[in-house]
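Heads up, the thing below is written out as structure tokens.
The values are calculated or read from the model by the stated rules, or taken from the named source; none is laboratory data. What you see is a predicted model; the values in this text were computed from it and never measured. Here the Cβ positions follow ideal geometry from the backbone for every residue, glycine too, while neighbour counts run over all protein chains shown.
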Amino acid sequence: MKILFSKTAHDAGISAARVFADVLKKKPNAVVGLATGSSPIGMYDELTEMTKRGEISFRDVHSVNLDEYVGLTPEHDQSYNYFMHKNLFDRVDIKAENTNLPSGIAKDPTAECKRYDALIASMGGIDIQVLGIGNNGHIGFNEPADAFTKGTTLVNLTDSTIDANSRFFASRDLVPTRAISMGVGQIMKAKRILLIALGKGKAEILERALFGDVTPRVPASILQFAEDVTVCADEDALSVILEKHPEAVTR
Ligand code: F6R
């Protein structure tokens, strides 16, 4: 595992974009696993700039997103589909038909989970999976639980996740309570994983995930067993790791 230090969130976005861009340069038709939330926004901004400068292209790239809220249409401004269009898809040369997210409005969410698993398998797996980490250690919407999830699952969001997400909705009752998420098993199959963590609020959980026990109570802790993980984080998110395991951080 590589833990790359950045002084600021802005620099961490640039550092993450370099890792991501390297994959596209080596494999222009890569399958990329994408995340939403605040953590990858700086990386998406930098990838947009790199595309404009002609350094990379998404022309032959296929994407699969980690998750989507159940009950939100793709046009809803808090849906992850909308987020991806605004922050990446509409700004780079990716083909709309090559982008994939679980459908939040599928009549049968369980069947939608199966469809999504089959889709990822048919694409030949994921070359690079981008992740953020939740305050409770979740990755995707895989919440702390007694066991790690395997494939795509319909999940009930925890109160802490609903609280964290309520900042984006007019009121807490408007926050969806369920989501469809790629499973931990599926995330672990990605050939490369890029975890982005920003801000003081992530410092404790990032240290527990990367250095504590591997347990489904901290879903991100499973990344300790992944083959190829790069963590791009800012100084605030790294503060506890810098205190306890300074040797593990690459500056
Ligand atoms: C987003 C996702 C979530 C977020 C996590 C961190 O697709 O699956 O796991 O990565 O909740 O969110 P932010 O980046 O907003 O702190």
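Scanning region 16-60 for residues being within 16 Å of the ligand (Cβ to nearest atom) and of a type in the set (Gly, Ala, Ser) gives a total of 8.
Results for (1) crowded, with 21+ Cβ neighbours inside 10 Å; (2) in contact (Cβ under 8 Å) with a residue 40 or more places away in the chain; (3) within 28 Å of ILE162 (Cβ to Cβ), shown as yes or no for each residue.
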position: ALA21; (1), (2), (3): no, no, no
position: LYS25; (1), (2), (3): no, no, no
position: PRO28; (1), (2), (3): no, no, no
position: GLY33; (1), (2), (3): yes, yes, yes
position: GLY37; (1), (2), (3): no, yes, yes
position: TYR44; (1), (2), (3): yes, yes, yes
position: GLY54; (1), (2), (3): no, no, no
position: SER57; (1), (2), (3): no, no, no
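Per-residue answers, yes or no, for (1) more than 12 Å from the ligand (Cβ to nearest atom); (2) among the aromatic types (Phe, Trp, Tyr); (3) buried (at least 18 other Cβ atoms within 10 Å of the Cβ):
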site	(1), (2), (3)
ALA179	no, no, yes
ILE196	no, no, yes
GLU227	yes, no, no
THR230	yes, no, yes
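Among the residues of region 214-225, those identified as more than 16 Å from LEU4 (Cα to Cα) and surrounded by fewer than 18 Cβ atoms within 10 Å (Cβ to Cβ) are VAL214, THR215, PRO216, ARG217, PHE225. Tell me yes or no: at least one residue of region 160-173 is over 16 Å from the mean Cα position of the chain (by Cα) and crowded, with 21+ Cβ neighbours inside 10 Å. No, region 160-173 has no match at all. Restricting attention to region 151-203, the residues that are of a type outside the set (Gly, Ala, Ser), in contact (Cβ under 8 Å) with a residue 24 or more places away in the chain, under 27 Å from ILE3 (Cβ atoms) and assigned to a loop (DSSP other than H, G, I, E, B) total 5. The condition (being surrounded by fewer than 20 Cβ atoms within 10 Å (Cβ to Cβ), closer than 20 Å to THR48 by Cβ and either away from the ligand (no atom under 16 Å from the Cβ) or among the aliphatic types (A, V, I, L, M) (or both)) is satisfied by just one residue among ALA106, ALA121, ALA96, ALA111: ALA96.
Away from the ligand (no atom under 11 Å from the Cβ), within 24 Å of ASN100 (Cβ to Cβ), out of contact with any strand residue (DSSP E or B) (no Cβ under 6 Å at 6 or more places or on another chain) and modelled with pLDDT of 95 or more: does that describe ASP213? Judged against the criteria, ASP213 is not a match. Just one of (1) touching a Cys at 6+ places or on another chain (Cβ under 8 Å); (2) under 28 Å from ALA106 (Cα atoms) fails for GLN186. It is (1).
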